[in-house]
Amino acid sequence: MKASAKKRSAAAKNEARWAWAFIAPTMLGLIILNFYPVINTVYQSFCKTGDFGRGNTFVGLANYAAAFSAGETWHSIWNTVKYALIEVPFGVCIALILAVFLNKKLKGTSAFRTIFFLPMVCAPAAVAMVWKWLYNQQFGLLNNIFHSNVAWISDPHIAWISIGVIGVWSVIGYNMVLFISGLQEIPGDYYEAAAIDGATGIRQFFHITVPLLSPTTFFIVQTRVIGALTVFDLMFMVMDKTNVALQNTQSIVYLFYTYAFTNGNKGYGATLVVILVLFIMLVTVIMQRAEKKLVFYN
Amino acid sequence: MKRIVVFLLALTMLLTMAACGSSQDSGSAGSSSGTLTVNIWDSNQQAGLQQIADEWSKTSGITAKIEVVDWDNYWTLLEAGASGGTMPDVFWTHSNTVQLYMDNDVLLKLNDYIAADDAIDLANYYEGIVGLYTRADGNVYALPKDHDTIALLYNKAIFDQYGVAYPTADWTWEDMYEAAKAITEGSNGDVYGMAMNTSNNQDGWYNVVYDYGAQIINDTHDGTTIGSSQGKAAMEMVRKLISVGAPQSVVAETGTDSLFMSSKCAMITQGSWMINAFYTAEHHDDYYWSLLPYADVNGNGKCDSGERYSAYNGLGWAAAASTKNPDAAYSLISYFCSKEGQLEQSKLGVTMGGMKGVSEEFANAFPGMDVSAFVEAESYDLFFRPYTRKTTVWEDALQQAGGFLDPWQNPSDAALMEKACDNAQAIIENAIANE
């Protein structure tokens, strides 16, 4: 008995060794490229950082005090939330409707799926540049088509919506593909039974599709909320530094970029990032609580 | 669902590994013994500079490979290199950032090399540029590569169309205002008489400020007079100009250069580093350069000393303190900055020289376009591009809301501009205090 137990543990040890060998490249990558920078960022947020990473002096909570008392921090967090409030609900709803249509056995569905997924394949910077010219007040296609003279990205009241629209356009394809895979896991029997009972397509959608799809929806909402709260490239590419509406659209990551890289104040930049991480954690915890009530697992 | 999650996880793994791989690649791209890596940020200058570098290779036997990295990435890469990575052997420095690099000893100290080099005498170069690259303790970290000046660019076709007289060397800023007004009003706002963004500082409103006797940054680099009565008078002139020019929302979205090139704007002020872009533009036959207008502060009807300024700036050729081949790196820098290299640089139309008296050829480098205004500007007053230790901090703040963006947005309100001058005074003083 004893001998066989020993033998098994040797085999298990051997297996464990191999397991470690297999995950080592990823672990090393994560530790060097993710964990170490994370810890270093938190450390720097308590420092007045020196040039080129030398001569950091510990200043305690001074950076946090400055960040929390600066109006622009709160303003940019609010801008980020506004962006998320456009991108997430619209990105999810439109993608869901498209997914339902493209899940039907119709001609050309795969062509449409490809078309809707295309924005995901484009480089975000290129997407932003094209939209920037579409929105241009003088020469832009939008104003030309509608014979209007709207300052889509320079009017502080409109600019945040214009930016949000680009975000929605960019994520629809990705969300849609996830929804389609979720839809394919719903057994067809439910729809057949409902049809026999006389349920219309819309009733089927709200009483079968939406509840049974809720785990997928939750996954998408959660990942997109985090994605939206860390948005940077859209504002950076579309809004010129001298744009009047910049203050009403710049996200918290944009503010971080300005301080850490343009102004070379890495410590304050790190502080802003830590604040953002805490904020995202808070939002995630709230969403996890909500999951238990809203998401239906059968 | 599960499959997708698995797929995403696998993708993340792959990306992580790819990231590992690529970072190792770029790390190993240092200099081997027979080659120097040279980094610059302006692709317009690459061909000409490579030609000069190849001349140097013929005598030195060492290859110099000039690589272009665009402005934003240039500083990210250089900073990463200075923080513990690999820096290029030879590279450009700029007044925005060079102070940091000099203070932290990441640049090769050139004093001993210069002392032993017959081709280089610092007295032959523009003082402002030499001063910029000399640390307070007398150490020199870069040699002047070039200098630039500012001129007025106008589109003759638009002036003809609205019957307005062309700019002359005798123009004051008031004359420019009248002409811009005539064009903007004559076209009912379809074409703008002029355009200037808050970000057109070195190539725009800074020049007006100096004409009126104020300074963005004083000679000792520890203060400003933008909030003085002279500064306010200058910015009042700027306010008048932009009140008849393109609105702020237009210049922020489209850019003054694009407006000009699409014939939507008759006049802009621009620096000599941009000549090539306009020289190769579609309607370049209509484009003419004129001397920057002056401010007739004493009202005697002619341009006196101190009434016409042009900003000038100069890049420097520097080497990394960590270069494996400092002798070769200096040798290349010395060749670029020697009389021979400087003459070649201006003859090829790359830029005007950092050395005095080598730029006459530059005016002839663009057949069919008269760029002599840039050279002529030097017979008037020049001021070096304002800088402090962390220039971008206040420079960016001046361009944005809370700085000059507010009056730019609302140029009919003179009180707003006056307030912005006071704000600017505070912005610069705070920034300097925190450096």
Within segment B:238-252, which residues are of a type outside the set (Ser, Thr, Tyr) and either under 17 Å from B:ASP190 (Cα atoms) or modelled with pLDDT of 95 or more (or both)? B:VAL238, B:ARG239, B:LYS240, B:LEU241, B:ILE242, B:VAL244, B:GLY245, B:ALA246, B:PRO247, B:GLN248, B:VAL250, B:VAL251
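Give the number of residues within segment B:403-420 that are farther than 10 Å from B:ILE242 by Cα, within 13 Å of chain A (Cβ to nearest Cβ) and not acidic (Asp, Glu).
Residues flagged as farther than 10 Å from B:ILE242 by Cα, within 13 Å of chain A (Cβ to nearest Cβ) and not acidic (Asp, Glu) within segment B:403-420 amount to 3.
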Quick check on A:THR209: is it at pLDDT 90 or above, over 22 Å from the mean Cα position of the chain (by Cα), assigned to a helix (DSSP H, G or I) and not aliphatic (A, V, I, L, M)? yes
State whether one or more residues within segment B:198-213 are closer than 30 Å to B:GLU344 by Cα, β-branched (Val, Ile, Thr) and at pLDDT 95 or above. no
With respect to the numbered conditions (1) farther than 30 Å from B:GLN399 by Cα; (2) in contact with a Lys or Arg (Cβ under 7 Å, 6 or more places away or on another chain); (3) of a type outside the set (Asp, Glu), which one is the sole condition not fulfilled by A:TYR190? (2)
Of the conditions (1) within 11 Å of chain A (Cβ to nearest Cβ); (2) modelled with pLDDT of 95 or more, B:TYR141 satisfies every one except a single condition; which number is it? (1)
Return the residue satisfying two criteria in turn: it lies in segment A:130-182 and is among the hydroxyl-bearing types (Ser, Thr, Tyr) and either outside any helix (DSSP H, G or I) or away from chain B (no Cβ under 12 Å) (or both), and of such residues it is farthest from the chain's Cα centre (by Cα). A:SER148
Inter-residue pairs, beta-carbon under 8 Å, first in contact (Cβ under 8 Å) with a residue 60 or more places away in the chain and in segment B:139-157, second part of a loop (DSSP other than H, G, I, E, B) and β-branched (Val, Ile, Thr), 6+ apart: B:LEU143/B:ILE120; B:LYS145/B:THR351; B:ASP146/B:VAL350; B:ASP146/B:THR351; B:HIS147/B:THR351; B:ASP148/B:THR351; B:ALA151/B:VAL371
Could you give every pair whose Cβ atoms fall below 8 Å, whose first residue belongs to segment B:270-290 and is touching a residue at least 12 places away in the same chain (Cβ under 8 Å) and among the charged types (D, E, K, R), and whose second residue is surrounded by 20 or more Cβ atoms within 10 Å (Cβ to Cβ) and not in a loop (DSSP other than H, G, I, E, B), counting only separations of at least 6 or pairs across chains? B:ASP286/B:ASN155; B:ASP286/B:ILE158
Count, please, the residues in segment B:342-364 that happen to be under 20 Å from the mean Cα position of the chain (by Cα) and within 17 Å of B:GLY314 (Cα to Cα). 14
Does segment B:73-83 include one or more residues that are over 23 Å from B:LYS347 (Cβ atoms), among the aliphatic types (A, V, I, L, M) and without any contact (Cβ under 8 Å) to a residue 24 or more places away in the chain? yes
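Please determine, by comparing only the residues of segment B:257-286 that are among the small types (Gly, Ala, Ser) and crowded, with 24+ Cβ neighbours inside 10 Å, which one is modelled with the highest pLDDT.
Among those residues, the one meeting the criterion is B:ALA266.
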Those helices (runs of 4 or more DSSP H) lying entirely in segment B:326-435 with at least 3 residues not assigned by TED's automatic domain parsing to the domain that holds B:TRP71: B:372-376, B:391-399, B:405-409, B:414-433
In the set A:GLY267, A:GLY198, which member is over 20 Å from A:ALA95 (Cβ atoms), more than 12 Å from every other protein chain (Cβ to nearest Cβ) and free of Cβ contacts under 8 Å to residues at least 60 places away in the same chain? A:GLY198
Condition test on A:LYS105, is it within 14 Å of chain B (Cβ to nearest Cβ), more than 23 Å from A:GLN222 (Cα to Cα) and of a type outside the set (Asp, Glu)? no
Looking only at helices (runs of 4 or more DSSP H) that lie completely in segment B:38-115, which have at least 2 residues being within 14 Å of another protein chain (Cβ to nearest Cβ) and crowded, with 18+ Cβ neighbours inside 10 Å? B:71-82, B:98-103
The lone exception for A:GLU185 - which of (1) assigned to a helix (DSSP H, G or I); (2) loosely packed, with under 15 Cβ neighbours inside 10 Å it fails: (1)
Suppose we keep only residues that are in contact with a helix residue (DSSP H, G or I) (Cβ under 7 Å, 6 or more places away or on another chain) and among the charged types (D, E, K, R) within segment B:134-145. Which one would you say is farthest from B:HIS283 (Cα to Cα)? B:ARG135
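Of everything in segment B:156-190, what is buried (at least 19 other Cβ atoms within 10 Å of the Cβ), aliphatic (A, V, I, L, M) and not in a loop (DSSP other than H, G, I, E, B)? Give them in sequence order.
As a first pass, look at segment B:156-190 and keep what is buried (at least 19 other Cβ atoms within 10 Å of the Cβ): B:158-159, B:164, B:167, B:171-173, B:176-177, B:179-180, B:183-184.
Then keep just the ones that are aliphatic (A, V, I, L, M); that gives B:158, B:164, B:176, B:179-180, B:183.
Result: B:ILE158, B:MET176, B:ALA179, B:ALA180, B:ILE183.
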Out of all the residues in segment A:149-169, which are touching a residue at least 60 places away in the same chain (Cβ under 8 Å) and under 20 Å from A:PHE117 (Cβ atoms)? A:VAL165, A:ILE166, A:GLY167, A:VAL168
Looking at segment B:191-301, what helices (runs of 4 or more DSSP H) fall wholly within it and have at least 2 residues that are away from chain A (no Cβ under 14 Å) and closer than 28 Å to B:ASN423 by Cβ? B:206-211, B:229-243
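The values are calculated or read from the model by the stated rules, or taken from the named source; none is laboratory data. It should be emphasised that the depicted structure is a prediction, and the values quoted were computed from it without experimental measurement. Heads up, the Cβs are rebuilt from the backbone with ideal geometry, glycines too, and the neighbour counts pull from every protein chain shown.
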